[in-house]
1. Every residue in the stretch 37-68 that is polar (S, T, N, Q) and either within 14 Å of residue 116 (Cα to Cα) or outside any loop (DSSP other than H, G, I, E, B) (or both), please.
2. Condition test on residue 201, is it hydrophobic (A, V, I, L, M, F, W, C) and under 30 Å from residue 45 (Cα atoms)?
3. Within the stretch 111-136, how many residues are β-branched (Val, Ile, Thr) and closer than 25 Å to residue 205 by Cβ?
4. Taking the condition of being modelled with pLDDT of 95 or more and part of a loop (DSSP other than H, G, I, E, B), how many residues in the stretch 92-102 meet it?
5. Looking only at the stretch 139-156, decide whether some residue is in a helix (DSSP H, G or I), touching a Gly at 6+ places or on another chain (Cβ under 9 Å) and either within 30 Å of residue 13 (Cα to Cα) or modelled with pLDDT of 95 or more (or both).
6. Based on what the data block shows, is residue 65 in contact with an Asp or Glu (Cβ under 8 Å, 6 or more places away or on another chain) and closer than 26 Å to residue 135 by Cβ?
7. From the set of residues in the stretch 244-282 that are small (Gly, Ala, Ser) and either within 23 Å of residue 99 (Cβ to Cβ) or in contact with a Pro (Cβ under 8 Å, 6 or more places away or on another chain) (or both), which is surrounded by the fewest Cβ atoms within 10 Å (Cβ to Cβ)?
8. If the requirement is being loosely packed, with under 14 Cβ neighbours inside 10 Å, touching a Ser or Thr at 6+ places or on another chain (Cβ under 9 Å) and assigned to a helix (DSSP H, G or I), which of these qualifies: 34, 86?
Amino acid sequence: MKKINVIQVNDERHLDTLADNTLLNDTSYPELRIEKQVLIQAYRDYVAQNGNPWSIQQPNISNKLKSGLLSHYSSPPDSINFLDRITKSSPEVCPMCGGFKPFTRDHILPKAEHQAWAIFSKNLVPACDCNLKRGSALKGDPATGARILHPYFDNILLQRLLSCEITHRNNYSRFSLKISYVDPNHPDIASIKYHTRHVVIKSGVEEWLKGQLSKLKERPSNVIQTLPRKKALSEDRVREAIEDCLDRIDELTGTPNNWLSIFCHGLLNSAGISSWVTDMHNQTLVLR
């Protein structure tokens, strides 16, 4: 998860260009020309409501225009030249799930049910395959206002929201791991939990974290690359190395909610785990 800047796109100008394109008579012409002001108002309302799906009103547009907008997203006319820029606007980390190397785009308001915003730049964010795994999840319990978090508008994404809880059994021979919340009393915890369940966990983060834990058993410095490969360390020095790794990856990706940072935070805050990492690190030096 990551707070990102909106790319500079004049969506209303793009609508103007599309609306006057008579070659689009099989998709959006002349419906877009007739109904353009309705869409413009829908775009403005979206921004005024900071992309909050509980507050945005569905505009009344024709079925042909709905189909036309979906077609324009799937097969963009030359005048919609900003879609690739959105895909490439967060190359280090997926703003939706915190995983690495996003390669596609996600519609915050899913396009199948919210066709009016299918080509609206502020409804499109870079994403990895969590886009497909999320499906149409958007809003939770109306009593709490739970919803998907918006990378352009939700400033809470600048905060560290997620960690992982690592527990051990049988004297560190077996481990369990699950995503945890840094502040269970956060004022936006309902939305944080909703987004985590429907986007982050569905993306496979817990399986990835368990994989990192398995690699850590073999050689901690292969995962925590700030650990020296040939020097024994005290637990305090190991914790410093993990903190350094956490700080570096946060700076590189621009978010404290990337998957490696979640893992490092869990190592530091799960009882007894940093001591175990120290033992594993020092044992690898003896064995090798």
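1. Across the stretch 37-68, the qualifying residues are 37, 41, 57, 58, 60, 62, 63, 67.
2. Values: hydrophobic (A, V, I, L, M, F, W, C): yes; under 30 Å from residue 45 (Cα atoms): no.
Against the criterion (hydrophobic (A, V, I, L, M, F, W, C) and under 30 Å from residue 45 (Cα atoms)), residue 201 does not qualify.
3. Of the residues in the stretch 111-136, the ones β-branched (Val, Ile, Thr) are 119, 125.
From what's left, closer than 25 Å to residue 205 by Cβ: 125.
Final tally of qualifying residues: 1.
4. Looking only at the stretch 92-102, we keep the residues that are modelled with pLDDT of 95 or more, and these are 93-99.
Adding the requirement that they be part of a loop (DSSP other than H, G, I, E, B) leaves 94-99.
Summing the residues that are modelled with pLDDT of 95 or more and part of a loop (DSSP other than H, G, I, E, B) in the stretch 92-102 gives 6.
5. Filtering the stretch 139-156 for residues in a helix (DSSP H, G or I) gives 155-156.
Still in the running and touching a Gly at 6+ places or on another chain (Cβ under 9 Å): none.
Checked against the condition, which is being in a helix (DSSP H, G or I), touching a Gly at 6+ places or on another chain (Cβ under 9 Å) and either within 30 Å of residue 13 (Cα to Cα) or modelled with pLDDT of 95 or more (or both), the stretch 139-156 yields no hits at all.
6. Answer is yes for this residue.
7. Taking the stretch 244-282 first, the residues small (Gly, Ala, Ser) are 254, 261, 266, 270-272, 274-275.
Those still in the list that are either within 23 Å of residue 99 (Cβ to Cβ) or in contact with a Pro (Cβ under 8 Å, 6 or more places away or on another chain) (or both) too: 254, 261, 266, 270.
Working: 254: 16, 261: 24, 266: 23, 270: 19.
So the residue we want is 254.
8. Just one listed residue meets the conditions, 34.
The values are calculated or read from the model by the stated rules, or taken from the named source; none is laboratory data. What you see is a predicted model; the values in this text were computed from it and never measured. As a convention, Cβ positions derive from the backbone with ideal geometry for all residues, glycine included, and neighbour counts pool all protein chains shown.
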